[in-house]
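The values are calculated or read from the model by the stated rules, or taken from the named source; none is laboratory data. Predicted model only: the values in this text are computed from it and were never measured. Glycine also receives a Cβ, built like all others from the backbone with ideal geometry; neighbour counts cover every protein chain displayed. Heavy atoms of the whole protein, side chains included, go into the accessibility calculation; ligands, DNA and RNA do not. Shrake-Rupley method; radii C 1.70, N 1.55, O 1.52, S 1.80 Å.
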Amino acid sequence: MMSSEVSPATINQTQTKQAQPDIEIPTDFQSIQTNAGTKELSEFRTYDDTTSPARVVEHYRDMRTFQTVEFYKQMEEKYSFENGKFRRMMTIEEALEELENYVDASDPDLDLPNLLHLLQTAEGIRKAGHPDWLQLTGLLHDMGKIMFLWGTSEDGQDGYSPNGKQWALGGDTFVLGCQIPNEAVVFPEFNKCNPDMSDERYNSKFGVYEPNCGIDNLMWAWGHDEYMYRMLVANGTTLPREGLDMIRFHSAYPWHDKGAYRHLMKEEDYEREKWVQLFNRFDLYTKDGENELRGDKMVKELWPYYRGLLDKYGLGGKLKW
């Protein structure tokens, strides 16, 4: 089974226009941490029902309960870009302003405003000397949470409060339409809450998928990753496929962190996974409540630089959201 909206042919057509990546994948991920001293690596992403904030536990209970194949199809239609559809025309800068007060209810590490996290990620990548397309990917990667402008609590897209229902905005994504892997997801005890796991069409190892069908053809739990990927494709960005993969799959921790879904991957997906793992280090390990990059620094120093990158990769001016 595959998405009816962004077909593999559409994806491949878009990718032929994109620049090829010009860095090698580092083998020492540990050396990438930019917020050393704030936490030990083992202290990030700790999830359990005794020490995790109650909002995080509730988030994952809701996510596992309501993220189904039926819900995915509803969101695919609601946020469609087919036949010229869109919800608003905005520049990236205007969208970032809308996101200024968004806080991720699923993040156990910091109650960090989304804009600050995006700037810290992008600047961490820039300071590490990586190319500009990767820096821009850091700035854009969580912007799909802009869905909160059109979402509701019922859809799990209330982003106006850290206490809002956000189970379809953020959080670790898993594949819909097949068995949820207990060994690869946080709070596996909530898997039984998912109605698809009582549906014989969806509760087997392969479910609706063919062996080795490829990660592009999987329905991942709907959230900011999938929406932002589709938004960028719809607006004709020239970011390389590696950048688009980082945006689309960075929340897919059961896949790129725990090694799930090997039976559904194509051979080429193993190389793609390494790029997502590279990005993941900057996404996680640049979070720093003491590193303020907004205000005058953003206006005078950072934004002029990133505005140039947006223009370079086809994302300047008003875009379809």
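How about region 139-151: which of its residues are part of a loop (DSSP other than H, G, I, E, B) and crowded, with 24+ Cβ neighbours inside 10 Å?
Residues satisfying the conditions are H141, D142.
Name the residue that is nearest to T91 (Cα to Cα), counting only residues in region 238-263 that are in contact with a Lys or Arg (Cβ under 9 Å, 6 or more places away or on another chain) and outside any helix (DSSP H, G or I).
T238
Test G177 against the criterion of being crowded, with 19+ Cβ neighbours inside 10 Å and in contact with a Pro (Cβ under 9 Å, 6 or more places away or on another chain), and give yes or no.
No: the conditions fail for G177.
Among the residues of region 78-90, count how many are assigned to a loop (DSSP other than H, G, I, E, B) and over 29 Å from K192 (Cβ atoms).
6
Each row is one residue, and each column tells you yes or no for (1) under 21 Å from the mean Cα position of the chain (by Cα); (2) under 21 Å from Y229 (Cβ atoms); (3) not in a loop (DSSP other than H, G, I, E, B).
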{"site": "S153", "(1), (2), (3)": "yes, no, no"}
{"site": "Q157", "(1), (2), (3)": "yes, yes, no"}
{"site": "Y160", "(1), (2), (3)": "yes, no, no"}
{"site": "G171", "(1), (2), (3)": "yes, yes, no"}
{"site": "K192", "(1), (2), (3)": "no, no, yes"}
{"site": "M197", "(1), (2), (3)": "no, no, yes"}
{"site": "R201", "(1), (2), (3)": "no, no, no"}
{"site": "F206", "(1), (2), (3)": "no, no, no"}
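Please find, within region 173-186, the residue that is farthest from M63 (Cα to Cα) out of those that are aliphatic (A, V, I, L, M) and part of a loop (DSSP other than H, G, I, E, B). Steps first, answer last, please.
Narrowing region 173-186 to residues aliphatic (A, V, I, L, M): 175-176, 180, 184-186.
Checking the rest, the ones that are also part of a loop (DSSP other than H, G, I, E, B) come to 180, 184-186.
Working: I180: 12, A184: 15, V185: 12, V186: 11 Å.
My answer is A184.
In this structure, does K297 turn out to be open to solvent by 40 Å² or more (accessible area, probe 1.4 Å) and in contact (Cβ under 8 Å) with a residue 40 or more places away in the chain?
When the stated conditions are applied, K297 does not pass them.
Exactly one of (1) at negative phi; (2) open to solvent by 10 Å² or more (accessible area, probe 1.4 Å) is unmet by I247. Its number?
(2)
Going by the conditions given, is M246 closer than 15 Å to G124 by Cβ and of a type in the set (A, V, I, L, M)?
yes
For region 35-47, check the following and say yes or no: at least one residue is at pLDDT below 65, in contact with a Phe, Trp or Tyr (Cβ under 6 Å, 6 or more places away or on another chain) and either farther than 21 Å from S161 by Cβ or basic (K, R) (or both).
Looking for residues that are at pLDDT below 65, in contact with a Phe, Trp or Tyr (Cβ under 6 Å, 6 or more places away or on another chain) and either farther than 21 Å from S161 by Cβ or basic (K, R) (or both), one finds at least one in region 35-47, hence yes.
Which condition number does K266 fail, the rest of (1) open to solvent by less than 20 Å² (accessible area, probe 1.4 Å); (2) in a loop (DSSP other than H, G, I, E, B); (3) of a type outside the set (D, E) being met?
Just one mismatch for K266, condition (1).
Of everything in region 64-77, what is part of a helix (DSSP H, G or I) and under 16 Å from D225 (Cβ atoms)? Give them in sequence order.
Listed by number, the residues that qualify are F71, Y72, M75, E76.
Looking at region 102-113, is at least one residue outside any helix (DSSP H, G or I), open to solvent by 60 Å² or more (accessible area, probe 1.4 Å) and modelled with pLDDT of 85 or more?
no
Can you work out which of the residues in region 269-288 that are polar (S, T, N, Q) and open to solvent by less than 20 Å² (accessible area, probe 1.4 Å) is farthest from A184 (Cα to Cα)?
Once the filter is applied, the top-ranked residue is T286.
Assess whether V186 counts as being among the β-branched types (V, I, T), closer than 27 Å to D158 by Cβ and over 16 Å from the mean Cα position of the chain (by Cα). Steps first, answer last, please.
Details: among the β-branched types (V, I, T): yes; closer than 27 Å to D158 by Cβ: yes; over 16 Å from the mean Cα position of the chain (by Cα): yes.
Considered against the rule, which asks whether it is among the β-branched types (V, I, T), closer than 27 Å to D158 by Cβ and over 16 Å from the mean Cα position of the chain (by Cα), V186 comes out as yes.
Can you find a residue that is surrounded by fewer than 22 Cβ atoms within 10 Å (Cβ to Cβ), in contact with a helix residue (DSSP H, G or I) (Cβ under 6 Å, 6 or more places away or on another chain) and of a type outside the set (A, V, I, L, M) anywhere in region 230-242?
The answer is yes; a qualifying residue exists.
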